[in-house]
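J.: Have a look at this one before I ask anything.
The values are calculated or read from the model by the stated rules, or taken from the named source; none is laboratory data. All values reported here derive from a predicted model rather than from experimental measurement. No Cβ is skipped: glycine too gets one built from the backbone with ideal geometry, and neighbour counts run over all protein chains shown.
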Amino acid sequence: MSATMLAIRQATRADVPLVLAFVKELADYERLTHLVVATEEIIAEELFGPKSHTEVLLGYSAAEPVAFAVYFHNFSTFLGRKGLYLEDLYVRPAHRRRGYGRAMLLRVARIAFERNCARLEWSVLDWNEPAISFYERLGATIMHEWKLTRVTGSALEKLAKME
């Protein structure tokens, strides 16, 4: 089966259980299941509620959901233009090496290009050599000089209350 057999569509609120299932599968693959607190209610509100600026693509092989991508706009002050940030790209293990991940990434890239985005960015875990190689083959540059910085949970609360 080739990537041309992959049907890609925008997710809707009706897809919340599937989106959450993909999130949990991705977390398992990344060895981060202990960090997942998302519920169907949270996904429904945050991804499909009236204030959402996040979008989800679903990839289907025949009628079977096999991939998902989550993305949203960011902004580059240096370029003075918006960009697109790919939060998640995941293909179920039984469906890998069929071109589905490539097809999903190309769809997100087309969306970024059509929206006149200055760049498309995403993160990859440093141990995920198959993904790193895949991204580099597609022309992506791994930004080794940049370190992802995060504040979450009680640390975020503490920071927000500082004067």
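J.: Just the residues that are of a type outside the set (D, E, K, R) and in a loop (DSSP other than H, G, I, E, B), please, taken from the range 150-163.
T.: Result: V151, T152, M162.
J.: Follow-up question, since we're still on this one. Mind checking which residues of the range 117-163 are in contact with a strand residue (DSSP E or B) (Cβ under 7 Å, 6 or more places away or on another chain) and not small (G, A, S)?
T.: Within the range 117-163, C117, R119, L120, E121, W122 qualify.
Listed here are the residues, each with its yes/no results for (1) out of contact with any Gly (no Cβ under 9 Å at 6 or more places or on another chain); (2) over 24 Å from P17 (Cβ atoms); (3) exposed (fewer than 10 other Cβ atoms within 10 Å of the Cβ); (4) of a type in the set (K, R).
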{"site": "A67", "(1), (2), (3), (4)": "no, no, no, no"}
{"site": "H73", "(1), (2), (3), (4)": "no, yes, no, no"}
{"site": "A94", "(1), (2), (3), (4)": "yes, no, yes, no"}
{"site": "A103", "(1), (2), (3), (4)": "no, no, no, no"}
{"site": "F113", "(1), (2), (3), (4)": "yes, yes, no, no"}
{"site": "M143", "(1), (2), (3), (4)": "yes, yes, no, no"}
{"site": "T152", "(1), (2), (3), (4)": "yes, yes, yes, no"}
{"site": "E157", "(1), (2), (3), (4)": "yes, yes, no, no"}
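J.: Right, here's the next one. Which condition does K147 not pass, out of (1) among the basic types (K, R); (2) under 18 Å from the mean Cα position of the chain (by Cα); (3) in a loop (DSSP other than H, G, I, E, B), if it passes all the others?
T.: (2)
J.: Restricting the search to the range 3-29, which residues are part of a helix (DSSP H, G or I) and of a type in the set (A, V, I, L, M)?
T.: Passing the criteria: A3, M5, A14, V16, L18, V19, L20, A21, V23, L26, A27.
J.: Taking the range 30-44, which residues are of a type outside the set (S, T, N, Q) and part of a helix (DSSP H, G or I)?
T.: Passing the criteria: H34, L35, E40, E41, I42, I43, A44.
J.: Working only within the range 77-95, note down all residues that are without any contact (Cβ under 8 Å) to a residue 60 or more places away in the chain, in contact with a helix residue (DSSP H, G or I) (Cβ under 8 Å, 6 or more places away or on another chain) and under 13 Å from W122 (Cα atoms).
T.: G83, L84, L86, L89
J.: Here are the criteria: (1) part of a helix (DSSP H, G or I); (2) crowded, with 17+ Cβ neighbours inside 10 Å; (3) at pLDDT 95 or above. Tell me which single one C117 does not satisfy.
T.: (1)
J.: Follow-up. Kindly list, by first and then second residue, each pair from a residue in the range 33-60 that is without any contact (Cβ under 8 Å) to a residue 24 or more places away in the chain to a residue that is assigned to a loop (DSSP other than H, G, I, E, B), limited to pairs with Cβ atoms under 7 Å and residues at least 6 apart or on different chains.
T.: Listed pairs, sorted by first residue: E46/S52.
J.: Can you tell me which condition R98 does not meet? The list is (1) farther than 18 Å from V19 by Cβ; (2) touching a Lys or Arg at 6+ places or on another chain (Cβ under 9 Å); (3) touching a residue at least 24 places away in the same chain (Cβ under 8 Å), and all the others hold.
T.: Here R98 meets the rest and fails (2).
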